[in-house]
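What follows is a set of notes on a single structure, which appears directly below.
The values are calculated or read from the model by the stated rules, or taken from the named source; none is laboratory data. Please read these numbers as outputs of a predicted model, since none were measured by experiment. Reconstructed Cβ throughout: ideal geometry from the backbone, glycine too, with neighbour counts over all protein chains shown.
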Amino acid sequence: MSHAHPENWPVLIIAGALDPELLKDVKTLAAAAEESDGNPPFSEQTLVMLRGADAGDHSVLSFVLYAPDEDSDPATGEDLAGTAVVIENGDGSGVLELAVHPSYRNQGVAGRLLDSLRGKRSLDGLSAWSHGNHEAAAELAKRFEYGPVRELWKMRLMSSASSLPDAGLPDGVSLRAFVPGQDEQAWLAANSAAFSHHPEQGSMTLADLEARKTEEWFDPEGFLLAVNAEGELLGFHWTKVHPRQGPHPAIGEVYVVGVTPAAQGLGLGKALTVAGIQHLQDKGLHAVMLYVDADNHAAVALYQKLGFVRWDTDVMYGPVAKK
């Protein structure tokens with residue numbers, strides 16, 4: 001391992017999708033960071049965009065820092081020390097995520113990446129996610145005069161199906177599985193309507209959906225659609241299964257639950273949530289997780305009534321207003 005200071009290490013700046021080898025290196029780095037921290041450093045959408053599946057109205061800018069080592073070729077990715085990724089929104093705003101390999105922490109790698117970023121664009125309009133809100137991230141945010149602007153709770157349910165409340169479907173509503181090649185446009189319309197004010201979920205595109213359909217975890221049987229007698233889509237519960245990782249058992253996820261405005265007030269959200277959890281438990285998954293904005297008090301209250309407890313927190317940081 002090189003003992004040179006990161007200030008002198010080269011930073012590669014890549015606009016757009018990463019080539020397959022570099023993407024593989026970044027995923028390896030992300031896996032090492034997740035193993036060390038207990039949280040993935042990059043969101044799912046960021047990884048989708050890094051592989052070029054869909055950028056939509058967004059653009060991607062990556063900063064890749066290799067630690068030079070006389071015993072290895074940087075092109076192999078064996079000494080990828082850190083990566084910062086900015087998703088630009090096209091209006092001057094953007095979201096930053098950053099990962100440092102555990103072997104290169106406490107050496108100034110994150111600072112080197114951010115200094116390179118500042119040489120390319122202003123930090124104005126840029127917010128940053130800290131998945132798990134680790135102490136080092138909070139200190140880094142403070143150094144760059146950033147403060148918390150949003151909290152995303154990770155909640156977990158550890159229980160059996162018998163502990164779930166009875167939440168039957170409204171009259172005239174039935175559940176069926178998503179049918180690939182048939183339901184894409186109807187789901188996109190329902191999702192857009194259900195999450196019209198949500199900063200990420202409501203903007204999902206067909207390419208976003210298609211990208212997720214190619215993931216190993218995608219299972220249409222766990223993508224539950226609520227329809228009325230005319231077949232109109234009223235709501236959905238898309239579940240996800242995270243496979244076992246080492247000593248950590250597989251865990252289910254309430255990936256996204258949505259109800260269209262026309263079906264609000266029928267109790268459909270609770271019924272869909274319970275149905276999806278039961279689907280996951282029927283697959284032998286005894287732990288179920290979900291993400292929810294901390295200030296979405298109605299959703300937090302519903303999940304708490306179902307037995308979910310706060311497990312971890314992701315924090316978004318933004319520039320602190322100067323006095």
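Filter the stretch 189-216 for residues that are farther than 21 Å from residue 268 by Cβ and either of a type in the set (A, V, I, L, M) or crowded, with 16+ Cβ neighbours inside 10 Å (or both) and give the result.
Scanning the stretch 189-216 gives 203, 206, 207, 208, 209, 211, 212.
For the stretch 88-102, which positions are more than 17 Å from residue 10 (Cα to Cα) and either assigned to a strand (DSSP E or B) or of a type outside the set (Gly, Ala, Ser) (or both)?
Scanning the stretch 88-102 gives 88, 89, 91, 94, 95, 96, 97, 102.
Could you say whether any residue in the stretch 262-285 is within 25 Å of residue 138 (Cβ to Cβ) and in contact (Cβ under 8 Å) with a residue 60 or more places away in the chain?
Looking through the stretch 262-285, none of the residues is within 25 Å of residue 138 (Cβ to Cβ) and in contact (Cβ under 8 Å) with a residue 60 or more places away in the chain.
Identify, please: which residue in the stretch 172-183 is part of a loop (DSSP other than H, G, I, E, B) and surrounded by 15 or more Cβ atoms within 10 Å (Cβ to Cβ) and is, among those, nearest to the chain's Cα centre (by Cα)?
Step by step, filter the stretch 172-183, then rank; the result is 178.
When you check residue 140 against the structure, is it modelled with pLDDT under 90 and not in a strand (DSSP E or B), yes or no?
Yes: the conditions hold for residue 140.
How many of the residues making up the stretch 248-279 are among the aliphatic types (A, V, I, L, M) and within 18 Å of residue 304 (Cα to Cα)?
Residues flagged as among the aliphatic types (A, V, I, L, M) and within 18 Å of residue 304 (Cα to Cα) within the stretch 248-279 amount to 9.
Report yes if residue 163 is among the hydroxyl-bearing types (Ser, Thr, Tyr) and exposed (fewer than 14 other Cβ atoms within 10 Å of the Cβ), otherwise no.
It is true that residue 163 is among the hydroxyl-bearing types (Ser, Thr, Tyr) and exposed (fewer than 14 other Cβ atoms within 10 Å of the Cβ).
Working carefully through the options 274, 257, find the one that is assigned to a helix (DSSP H, G or I), within 25 Å of residue 193 (Cα to Cα) and hydrophobic (A, V, I, L, M, F, W, C).
Result of the check over 274, 257: 274.
Count, please, the residues in the stretch 103-127 that happen to be within 21 Å of residue 33 (Cβ to Cβ) and assigned to a helix (DSSP H, G or I).
Total meeting the criteria: 11.
Does at least one position in the stretch 230-251 carry a residue that is outside any strand (DSSP E or B), in contact with a strand residue (DSSP E or B) (Cβ under 7 Å, 6 or more places away or on another chain) and buried (at least 18 other Cβ atoms within 10 Å of the Cβ)?
The answer is no; no qualifying residue exists.
Identify, please: which residue in the stretch 254-277 is surrounded by fewer than 22 Cβ atoms within 10 Å (Cβ to Cβ) and within 20 Å of residue 209 (Cα to Cα) and is, among those, nearest to the chain's Cα centre (by Cα)?
Within the stretch 254-277, the match that is nearest to the chain's Cα centre (by Cα) is 255.
Could you identify the single residue in 113, 169, 117, 140 that is in the same structural domain as residue 264 (by TED's automatic domain parsing) and either loosely packed, with under 15 Cβ neighbours inside 10 Å or not acidic (Asp, Glu) (or both)?
Just a single option satisfies the conditions, and that option is 169.
What is the one condition in (1) closer than 22 Å to residue 306 by Cα; (2) surrounded by 14 or more Cβ atoms within 10 Å (Cβ to Cβ); (3) small (Gly, Ala, Ser) that residue 186 does not satisfy?
(1)
Residue 250 versus (1) under 23 Å from the mean Cα position of the chain (by Cα); (2) at pLDDT 95 or above; (3) not aromatic (Phe, Trp, Tyr): which is the lone unmet condition?
So the condition that residue 250 fails would be (2).
Please specify each residue of the stretch 199-226 satisfying the condition of being under 20 Å from residue 277 (Cβ atoms) and not in a helix (DSSP H, G or I).
Of everything in the stretch 199-226, those that are under 20 Å from residue 277 (Cβ atoms) and not in a helix (DSSP H, G or I) turn out to be 217, 218, 219, 223, 224, 225, 226.
Give the residues of the stretch 120-137 that are on the phi < 0 side of the Ramachandran plot, in contact with a strand residue (DSSP E or B) (Cβ under 8 Å, 6 or more places away or on another chain) and surrounded by 14 or more Cβ atoms within 10 Å (Cβ to Cβ), sorted by residue number.
121, 123, 126, 127, 128, 129, 130, 131, 137, listed by residue number.
How many of the residues in the stretch 278-323 are loosely packed, with under 15 Cβ neighbours inside 10 Å, closer than 19 Å to residue 239 by Cβ and of a type in the set (Gly, Ala, Ser)?
Qualifying residue count, the stretch 278-323: 1.
Which is at pLDDT 90 or above and not assigned by TED's automatic domain parsing to the domain that holds residue 280, of 227, 241, 149, 179?
149
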